[in-house]
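**Student:** One structure, pasted below without further comment.
The values are calculated or read from the model by the stated rules, or taken from the named source; none is laboratory data. What you are looking at is a predicted structure, and each value in this text was computed from that prediction instead of being measured. Note: ideal-geometry Cβ built from the backbone for every residue, glycine included; neighbour counts use all protein chains shown. Accessible surface areas use protein heavy atoms only, side chains included; no ligands, DNA or RNA. Shrake-Rupley method; radii C 1.70, N 1.55, O 1.52, S 1.80 Å.
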Amino acid sequence: MVQTQPRTATQERTRPAIIDCDVHNEWNSQEELYPYLSQRWREHLQTFGMRGPSGATYPRFQNRRTDSTPPSGRKPGSDVAFLAQQLLDEWNIVYGILNPLTGVGRQLIPEFDAALATAVNDWMVAEWLDKEPRLRASIIIPFEYPDLAVAEIKRRVGDTRFVQVQFSGRPAEPMGRRKYWPIYEACVEYGLAVMSHAFGSGGHPITGCGWPSFYIEDHVGPAQSMQANLISLVFEGVFERFPELRVVSVENGFGWAPSLMWRLDTTYKLLYRELPHLKRLPSEYIREHVWFSTQPIEEPHRPEYFLQLLRHMGGADRLVFATDYPHWDWDSPDGALPARLPDEVKQQIFFDNAKALYRL
Amino acid sequence: MRQVLERDAPIERGRQPQPVIDCDVHAEVPRVEALFPYLPPYWVEHIQQSVFKGPTDTYYPRHAPVTARPGSVPEKGPAGSSLELLRQQVLDPLQVEHAILVCTYAIDSLHNPDAAVAFASAVNDWLIAEWLEKDSRLRASLVVPSQIPQLAAREIDRVGDHPGFVQVLLPVRSQHPYGSRLFHPLWEAIARHDLVAGIHFGGAPGNPPFPSGWPSYYAEEYAGMAQVFQSQLCSIVSEGVFDLWPELRVTLIESGWTWLPAFMWRFDKEWRNLRRLVPWVKRPPSEYIREHVRFTILPLDAPPDRQQLLEVIAQLGSEDLLLYATDYPHLHAADPEQDLLPVLPAHLARKIRAENARAWYRL
């Protein structure tokens, strides 16, 4: 187990230890990937660039935290020393999990997608994990091409700093479809969680009724997208087939989880004849197999509703803390969780749940 | 758990203590020939001479339990196609003051615009002649070619002032979100005729119901429809439809509603952060929703714990939002007469049974 950095006495007293389950690292320039790409794909990247399903551009004001540009002049999130200082040191984050949003998984050329995934993972090892012992990472996989994805998972076996594989929020098919099962099989075999991060189109609009017009709709949408993925994972019987699978929903919110579980249970009571492969109530699969990151934290206008929400979820044991650093809508560890939340619940969310989930 | 399917349909258990307004009762076209008196000869010939037999859809599978509760299938035709059975099974035993008809004939599946207009008009004329004129307790939702908003507006102008029509039916699945400016001619017509927009479960627009494509099982589509309603609500508020037409009323029919509190928390939070993008949205989205949107009570996606159900109802923040509905002849797992109304304070149960709908639909 990697030792954490020594902490100052002040931090020990005033800040709880935190595991941050959503840290976004970036490259300053795609040239940083070149050493990890073959000549064929390096030239392709230089000449044609990345090409995925296109056609969704939303004007927006917000981008990165305005104070997250490093003194080095590099892009926010691209300077490991500054990230360690501004995020990990500042907030006593003992583990930060890197989820780079790269465009991998959305490339239309399968072999290019796979080559990029390998390059990104090699780059993460050399430029991030080897340089900062508090960091952990998601394996970037070409999830639309499961045979290539499994090969990439196998390439990382043995490096326990990789704790999960990363899906986008909207794969080309609902996440429970059998196309993706080889990936889940590999994750169970190698002890990895499966994480789905908000956003990233596999070619479909972010709603079940076409493309919305404004970024605010695009920013509400991950809540609906992830619900659709969970409906698919449960009703396809993925958790029956892979009883050890752990699924992590990142940046999708969690306020919707209770009503989704109620709806799935009532749906099952009505339509169970279509689903003989299920052996338990849908809510039981979700309670057992699914974790939710906190950012963007739910903010009901009455504080007691937050406590009701935790009860409706069946407890706080599946919530893991995330900042989403360095994005504009990040959650500060100081301000995100409601003040009246009992300390032991905060401890669960800040640390214990993620430690158990990721076996840290 | 599974005994829920074997029990008698709730409406067959006898008389209710109070009159109700049933905001979701289905009137199904028994077979396409029933529309012949109302269709132009061009389309009658089409049907007689080709494999085209009118619009098709799959969102109520004919023999699935959701589509026909026990005892609701008439001797001829599908469940929901017999006025006589509706009277026997709903209108008379429940002391229904008014029932609002919903016809889910899949006009939106017809990409041929002339066909869409012809079949929408035929269904509306059929609803007037075969249902509204035969029972004074009935009101109806008029159907429109919603995929072509200008033509939908024209159909609203044609029949929208008939006193039997109280709302315009829009399938929740659509090619574009309903707040989009493409649909503003439709909203303008709905507002001008002082009708309610009834957004209803289902739709056959051709694009997938999930943001990640087509799910495998019908159960996924059934459960996932709630998220499509959420997206439509997000679109309608974000695009300023309620700012443009401040009197507009929208009913979500068969949407579920226990998701609403958490949806409003998230939407309000996004609005606080991103309202510069939609400066016409002047107030938190939850305020627009409570003022302009109502929800039928079925399906009831309720927690098994009654205390939690009461908490969710309090979180709605208004006692005006819920409208009684049987969704006859469809079947859902929960029964409001057992699982919702007896749990509530009497005044709230009264509001849900009739008072909210009477005010909303001005009945």
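**Student:** Suppose every Lys and Arg Cβ carries +1 and every Asp and Glu Cβ carries -1, with no other charges. What dipole size does the range A:15-358 come out with about its Cα centre, to the nearest 20 debye?
**Tutor:** Numbers: 35 positive and 44 negative charges, 137 e Å.
My answer is approximately 660 debye.
**Student:** Please say if the range A:301-360 is rounded, prolate or oblate, where rounded means a/c under 1.5 for a ≥ b ≥ c the square roots of the C-alpha gyration tensor eigenvalues, and otherwise the choice is prolate for a/b larger than b/c and oblate otherwise?
**Tutor:** Values: a/c = 1.87, a/b = 1.08, b/c = 1.72.
Because a/c hits 1.5 or more and a/b fails to exceed b/c, the range A:301-360 counts as oblate.
**Student:** Compute the normalised compactness of chain A: alpha-carbon radius of gyration over 2.2 N^0.38 Å, N being the residue count.
**Tutor:** Working: Rg = 19.9 Å, N = 360, 2.2 N^0.38 = 20.6 Å.
With N residues counted in chain A, Rg over 2.2 N^0.38 Å equals 0.96.
**Student:** Moving on. Over the range A:15-358, give the accessible area per residue in Å² for a 1.4 Å probe, as an integer.
**Tutor:** Details: 11720 Å² over 344 residues.
Each residue of the range A:15-358 exposes 34 Å² on average to a 1.4 Å probe.
**Student:** With the contact rule set at Cα under 8 Å and sequence spacing of 6 or more, what percent relative contact order holds for the range A:15-358? All intermediate terms of the calculation are to be shown ahead of the outcome.
**Tutor:** Details: 573 pairs, mean separation 68.4, N = 344.
The normalised contact order for the range A:15-358 reaches 20 percent.
**Student:** For the protein assembly as shown, what class follows from the C-alpha gyration tensor (a ≥ b ≥ c being the square roots of its eigenvalues): rounded when a/c is under 1.5, otherwise prolate if a/b is larger than b/c, else oblate? Write down the numbers at each step before the final one.
**Tutor:** Working: a/c = 2.00, a/b = 1.73, b/c = 1.15.
Prolate, because a/c is 1.5 or more and a/b exceeds b/c.
**Student:** Moving to a separate point now. Taking the dipole about the Cα centre of the protein assembly as shown, with the C-beta of Lys and Arg at +1 and of Asp and Glu at -1, give me whichever of B:TRP265, A:VAL80, A:TYR180 is farthest to the positive side.
**Tutor:** Of the listed residues, the answer is A:VAL80.
**Student:** On average over all directions, what projected area in square nanometres does the range B:178-277 have, based on the convex hull of its Cα atoms? Working shown, then result.
**Tutor:** Numbers: hull surface 29.6 nm².
That works out to 7.4 nm².
**Student:** Let me ask something else about it. Normalising by the residue count of the range A:240-355, find the relative contact order in percent from Cα pairs under 8 Å and 6+ residues apart. Before the final figure, lay out the partial values.
**Tutor:** Details: 126 pairs, mean separation 32.3, N = 116.
Value for the range A:240-355: 28 percent.
**Student:** A follow-up question, please. Lys/Arg Cβ at +1, Asp/Glu Cβ at -1, dipole of the range A:243-294 taken about the Cα centre: which of A:MET261, A:LEU271, A:SER293 is farthest positive-ward?
**Tutor:** A:LEU271
**Student:** Rounding to the nearest 20 debye, state how big the charge dipole of the protein assembly as shown is about its Cα centre with +1 on each Lys and Arg Cβ and -1 on each Asp and Glu Cβ. Spell out each step's value before the answer.
**Tutor:** Numbers: 72 positive and 89 negative charges, 100 e Å.
Its charge dipole is roughly 480 debye.
**Student:** Same structure again: Round to a whole number: what % of the accessible area of the range B:217-276 belongs to carbon and sulfur, probe 1.4 Å? Can you show the working numbers first?
**Tutor:** Details: 610 of 1250 Å².
Accessible surface attributable to carbon and sulfur in the range B:217-276 totals 49 percent.
**Student:** Which order do peptides B:262-269, B:75-82, B:225-232 fall in by mean Cβ count within 10 Å, highest first? The partial results should precede the final answer.
**Tutor:** Working: B:262-269: 24.0, B:75-82: 17.2, B:225-232: 27.8.
Packing order, densest peptide first, comes out as B:225-232, B:262-269, B:75-82.
**Student:** Sticking with this one: So what is the calculated 222 nm ellipticity per residue for chain A, using -39500 (n - 2.57) for each DSSP H run with n of 4 or more, over all residues, to the nearest 500 deg cm²/dmol?
**Tutor:** Values: 14 runs with 123 residues, N = 360.
Only helices count here, giving -9500 deg cm²/dmol.
**Student:** Okay, moving on. How about the range A:292-333: which of its residues lose at least 20 Å² of accessible area in the presence of all protein chains relative to their chain isolated, using a 1.4 Å probe?
**Tutor:** A:PRO296, A:GLU298, A:GLU299, A:PRO300, A:HIS301, A:TYR305, A:GLN308, A:ARG311, A:HIS312, A:TRP328
**Student:** Related question: Rg(Cα) of chain B divided by 2.2 N^0.38 Å? Write out the running numbers ahead of the final one.
**Tutor:** On the way: Rg = 19.6 Å, N = 363, 2.2 N^0.38 = 20.7 Å.
Taking N as the residue count of chain B, the ratio is 0.95.
**Student:** Right, here's the next one. Could you give the semi-axes, largest first, of the ellipsoid that matches the range B:41-105, computed as the square roots of 5 times the alpha carbon gyration tensor eigenvalues and rounded to whole Å? It would help to have the intermediate numbers written out before the result.
**Tutor:** Values: eigenvalues 161, 46, 25 Å².
In descending order, the three semi-axes are 28, 15, 11 Å.
**Student:** Quickly rank B:302-313, A:289-300 as a protection proxy: mean count of other C-beta atoms within 10 Å, highest first.
**Tutor:** Working: B:302-313: 17.2, A:289-300: 22.5.
In descending order of packing, they fall as A:289-300, B:302-313.
**Student:** While we're on this one: Could you check which residue among A:GLU189, A:GLU173, A:GLU152 shows the biggest mean-square fluctuation in a GNM of chain A with a 10 Å Cα cutoff?
**Tutor:** Taking springs between Cα atoms under 10 Å, the residue moving most is A:GLU189.
**Student:** If you find the alpha carbon centre of the range A:42-58 and of the range B:292-363, how far apart are they in angstrom?
**Tutor:** A separation of 49 Å, based on Cα centres.
**Student:** Report, as an integer, the average count of C-beta atoms from other chains found within 10 Å of each Cβ along B:270-283. Please report the intermediate quantities before stating the final value.
**Tutor:** Working: counts 10, 2, 1, 7, 12, 1, 4, 12, 5, 0, 0, 2, 0, 0.
Average per residue, whole number: 4.
**Student:** While we're on this one: Let me know the shape class of the range A:72-197, please: from the alpha-carbon gyration tensor, a ≥ b ≥ c as square roots of the eigenvalues, rounded when a/c is under 1.5, otherwise prolate if a/b is greater than b/c, or oblate. Don't skip to the end; give the middle numbers.
**Tutor:** On the way: a/c = 2.02, a/b = 1.71, b/c = 1.18.
In terms of gyration-tensor shape, prolate.
**Student:** What does the highest-first list of A:89-100, B:243-254 look like by mean Cβ count within 10 Å?
**Tutor:** A:89-100, B:243-254
**Student:** Expressed as a rounded percentage, what relative contact order does the range A:184-318 have, with Cα pairs under 8 Å and six or more residues apart?
**Tutor:** Values: 140 pairs, mean separation 37.1, N = 135.
Once divided by the residue count of the range A:184-318, the mean separation gives 28 percent.
**Student:** How many angstrom lie between the Cα centre of the range B:102-124 and the Cα centre of the range A:269-344?
**Tutor:** So the separation of the two Cα centres works out to 42 Å.
**Student:** Restricting to bridges with both residues inside the protein assembly as shown, how much of the DSSP beta-bridge set is antiparallel, in percent to the nearest 5?
**Tutor:** Working: 2 of 55 bridges.
Approximately 5 percent, going by the DSSP bridge assignments.
**Student:** Could you tell me which residue out of B:LEU83, A:LEU98, A:HIS219 lies farthest along the dipole of the protein assembly as shown toward its positive end? Charges go on the beta carbon: Lys and Arg +1, Asp and Glu -1, centred on the Cα centre.
**Tutor:** My answer, from the dipole projection, is A:LEU98.
**Student:** Next up: Of the DSSP beta bridges with both residues in the range A:15-358, give the percent that are antiparallel, rounding to the nearest 5.
**Tutor:** Numbers: 1 of 26 bridges.
The antiparallel fraction comes to roughly 5 percent.
**Student:** May I pose another question? Per-residue mean of other chain beta-carbon atoms within 10 angstrom of the beta-carbon, peptide A:237-245?
**Tutor:** On the way: counts 2, 0, 0, 0, 0, 0, 0, 0, 0.
Mean partner shielding for this stretch: 0.
**Student:** Okay, moving on. Please get the size of the charge dipole for chain B, origin at its Cα centre, with Cβ charges of +1 on Lys and Arg and -1 on Asp and Glu, quoted in debye to the nearest 20. Before the final figure, lay out each step's value.
**Tutor:** Values: 34 positive and 44 negative charges, 142 e Å.
That gives chain B a dipole magnitude of about 680 debye.
**Student:** Same structure, new question: Interface A/B, total buried accessible area with a 1.4 Å probe, nearest 100 Å²? Please report the intermediate quantities before stating the final value.
**Tutor:** Numbers: alone 16280 and 15830 Å², together 25970 Å².
Chain pair A/B: roughly 6100 Å² of buried accessible area.
**Student:** How crowded by other chains is A:106-118, given as the mean number of beta carbons from other chains within 10 Å of each beta carbon?
**Tutor:** On the way: counts 0, 0, 0, 0, 0, 0, 0, 0, 0, 0, 0, 0, 0.
That average works out to 0.
**Student:** So, one more: Taking 27 Å as the cut-off for C-alpha to C-alpha distance, list the pairs among A:LYS154/A:LYS179; A:LYS131/A:LYS355; A:LYS179/A:LYS355; A:LYS269/B:LYS351; A:LYS279/A:LYS346 that go past it. Provide the component values of the computation, followed by the final result.
**Tutor:** Details: A:LYS154/A:LYS179 18 Å; A:LYS131/A:LYS355 22 Å; A:LYS179/A:LYS355 30 Å; A:LYS269/B:LYS351 29 Å; A:LYS279/A:LYS346 34 Å.
Over 27 Å apart, Cα to Cα: A:LYS179/A:LYS355; A:LYS269/B:LYS351; A:LYS279/A:LYS346.
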